[in-house]
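Peer 1: Structure incoming, see below.
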Protein chains: 2
Amino acid sequence: MAKKQTRKQLIFEEAAKLFRDKGYLATSVRELADKVGLEPSSLYSHIKSKEEILQKICFDSAQKFIDGINEIEKLNATPSEKLKALIALHITIATEDSTSVTVFNDEWRHLSQDVLKEFLVLRRDYESRFKNIIKKGIELGEFKNINPSIALYTILTSVRWLHYWYKPGRQLSPTDIEKDICTLLIKGLKE
Amino acid sequence: MAKKQTRKQLIFEEAAKLFRDKGYLATSVRELADKVGLEPSSLYSHIKSKEEILQKICFDSAQKFIDGINEIEKLNATPSEKLKALIALHITIATEDSTSVTVFNDEWRHLSQDVLKEFLVLRRDYESRFKNIIKKGIELGEFKNINPSIALYTILTSVRWLHYWYKPGRQLSPTDIEKDICTLLIKGLKE
DNA sequence: GTCTATACGATGATAGAC
DNA sequence: GTCTATCATCGTATAGAC
């Protein structure tokens, strides 16, 4: 049932790759049409607009992070364990679906006003929940007393290069990467 | 002598802000002209092209990082101390000149082919020198034995959110931020 | 240096035949 | 659903008068 790739799916996939490689604005509808083997106008039988594609990518990715943090919050676990799970979540999403995540990370600002607003609400909410876990850890004395926002953003962005470096064929598996990044962020680089 | 702001300087400054806020491609020459109070065509008495501005921003920023690492490599210091100095360098540049750094970070890919190539050579060289300091630290047993590339990119990107969060008026000074980020990356979040 | 006027290509998107 | 034809708009940049 989910075996056959519809043309619509193909369009979204090729668009994601182009958006990732060149950026949303630098990707033309003509170029996308070319990639999927259609005339530009034919695309519009499948999509409403170029922005519709960006919207889907951004909100689908956002949903993955939200689903992840929903599960993690439910865990009966310490803040340390939750933080580890969050880092793992980011690494999993970044390695399993690197194309979408790149677009989600870098191109969201080209969403049109109303949609952008909606997107930023989701993001702010996610960040706030992530930060609460850090705060709780500090409160309980599990974490060092550093500024929670600084910790949050440092951790959030410190996995944002993965999509650009990680290639499925590499010697390092996502698990290896996760181990090193967790070590670095939680125990520090210093021996 | 450097007191008077020339119109050319004003153009570059306003362009940097627009590129930062909207992205290079989303910024039109018409809009830039409007910001500096000129007709679009008049800009071309001061600049050769829109891309010339992007080039200047990217290469000027690159030079700051290169100057910084030049000095740090000369220090008679341990890898730990050099790493701290490198993190401080990134934070200083990101807080003192956040506009340019944002553009440098996010918009370099819109440089045209030849210039882009040149830029990537500089970046690769910088990253390689940064990585060597990490490798040396691992070799000497000062740092944990984690993958040097992972450490490099985690550290590099972990200061890349600053320009978006840091406002000169904040309660936290660049020194405070530097302290927390260094603690997090070097000693880890865990107490 | 600044202006008005404009070239001219690329853009996202639509109309309507098949 | 796909095509050809086309639109309106906007992009960077230039020409030439003042």
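Readers should treat all values here as calculations from the given coordinates under stated rules, not as data from a laboratory. Note that the structure is predicted; figures quoted are calculated from it, not measured. Here the Cβ positions follow ideal geometry from the backbone for every residue, glycine too, while neighbour counts run over all protein chains shown.
Peer 1: Any idea what angle helix A:79-96 forms with the longest principal axis of chain A, computed on alpha-carbon atoms, 0 to 90 degrees, nearest 10?
Peer 2: Roughly 20 degrees, rounded to the nearest 10.
Peer 1: In what sequence, highest mean first, do B:151-159, A:18-26, A:132-140 appear when ranked by Cβ atoms within 10 angstrom?
Peer 2: Values: B:151-159: 22.8, A:18-26: 19.2, A:132-140: 17.6.
My ranking of the peptides, most packed first, is B:151-159, A:18-26, A:132-140.
Peer 1: Also, quick follow-up: How large is log10 of I(q)/I(0) for the protein assembly as shown at q = 0.11, 0.14 Å⁻¹ when the intensity is taken from the Debye formula with one equal scatterer per alpha-carbon?
Peer 2: Log10 I(q)/I(0), no solvent term: -0.88, -1.38.
Peer 1: Could you state the angle between the C-alpha long axis of helix B:7-22 and the longest principal axis of the C-alpha atoms of chain B, as a value from 0 to 90 degrees rounded to the nearest 10?
Peer 2: 60 degrees
Peer 1: Let me ask something additional. Please get the size of the charge dipole for region B:1-81, origin at its Cα centre, with Cβ charges of +1 on Lys and Arg and -1 on Asp and Glu, quoted in debye to the nearest 20.
Peer 2: Working: 14 positive and 13 negative charges, 77 e Å.
The dipole magnitude comes to about 360 debye.
Peer 1: Let me ask something additional. Calculate the mean, over all residues of peptide A:161-174, of how many other protein chain Cβ atoms lie within 10 angstrom of the residue's Cβ.
Peer 2: Details: counts 9, 4, 0, 2, 4, 0, 0, 0, 0, 0, 1, 3, 0, 0.
Neighbouring Cβ atoms belonging to other protein chains average 2 per residue here.
Peer 1: What GluC sites (Glu not before Pro) does region A:76-110 have in DSSP loop regions with at most 13 other beta carbons within 10 Å?
Peer 2: For GluC sites (Glu not before Pro) across region A:76-110 that sit outside H, G, I, E and B with at most 13 neighbouring Cβ atoms in 10 Å, the list is empty.
Peer 1: List the aspartates and glutamates whose Cα sits under 18 Å from the Cα of A:Lys4, skipping any in the same chain fewer than 8 residues away.
Peer 2: The qualifying aspartates and glutamates are A:Glu13, A:Glu14.
Peer 1: Now for a separate question. Report the FRET efficiency, 1/(1 + (r/R0)^6), for B:Asp60 and B:Gln5, where r is their Cβ-Cβ distance and R0 is 25 Å, rounded to 0.05.
Peer 2: Rounded to the nearest 0.05, the efficiency is 0.90.
Peer 1: What are the ³J(HN,Hα) values, in whole Hz, obtained from phi via the Karplus relation 6.51 cos²θ - 1.76 cosθ + 1.60 with θ = phi - 60°, for each residue of region A:181-191 in sequence order, with x given for Gly and Pro?
Peer 2: So the J values, rounded to whole Hz, are 5, 4, 4, 4, 6, 8, 9, x, 6, 5, 6.
Peer 1: What average number of partner chain Cβ atoms lie no more than 10 Å from the Cβ of the residues making up B:17-27?
Peer 2: Mean inter-chain Cβ contacts per residue within 10 Å come to 2.
Peer 1: Compute the acute angle (0 to 90°) between the alpha-carbon long axis of helix B:50-74 and the principal axis of greatest extent of the alpha-carbon atoms of chain B; round to the nearest 10°.
Peer 2: Once rounded, the angle reads 30 degrees.
Peer 1: Would you mind checking which residues have amide H under 5 Å from A:Glu142's amide H? H placed 1.01 Å from N; only 5 or more apart, or other chain.
Peer 2: Placed amide hydrogens put nothing under 5 Å from A:Glu142.
Peer 1: Taking the Cα centre of region A:1-47 as origin and charging only Cβ (+1 Lys, Arg; -1 Asp, Glu), how large is the dipole, in debye to the nearest 20?
Peer 2: So the magnitude is around 220 debye.
Peer 1: Still on this structure: Tell me, what ³J(HN,Hα) does each residue in region A:169-179 have, in order and in whole Hz, if you take phi through Karplus 6.51 cos²θ - 1.76 cosθ + 1.60 with θ = phi - 60° and put x for Gly and Pro?
Peer 2: Couplings: x, 4, 5, 8, 7, x, 5, 4, 4, 4, 4 Hz.
Peer 1: For chain A, with a Gaussian network of springs between Cα atoms less than 10 Å apart, report the residue from A:Lys131, A:Lys74, A:Lys35 with the top mean-square fluctuation.
Peer 2: Taking springs between Cα atoms under 10 Å, the residue moving most is A:Lys74.
Peer 1: Then there is this: Just to be sure I understand: with springs between alpha-carbon atoms less than 10 Å apart, which residue in B:Ile66, B:Ile47, B:Ile93 has the highest mean-square fluctuation in the Gaussian network model of chain B?
Peer 2: B:Ile47
Peer 1: Across peptide A:178-185, what mean number of C-beta atoms from other chains lies inside 10 Å of a residue's C-beta?
Peer 2: Working: counts 1, 3, 9, 6, 2, 6, 13, 7.
So the per-residue partner count for this stretch is 6.
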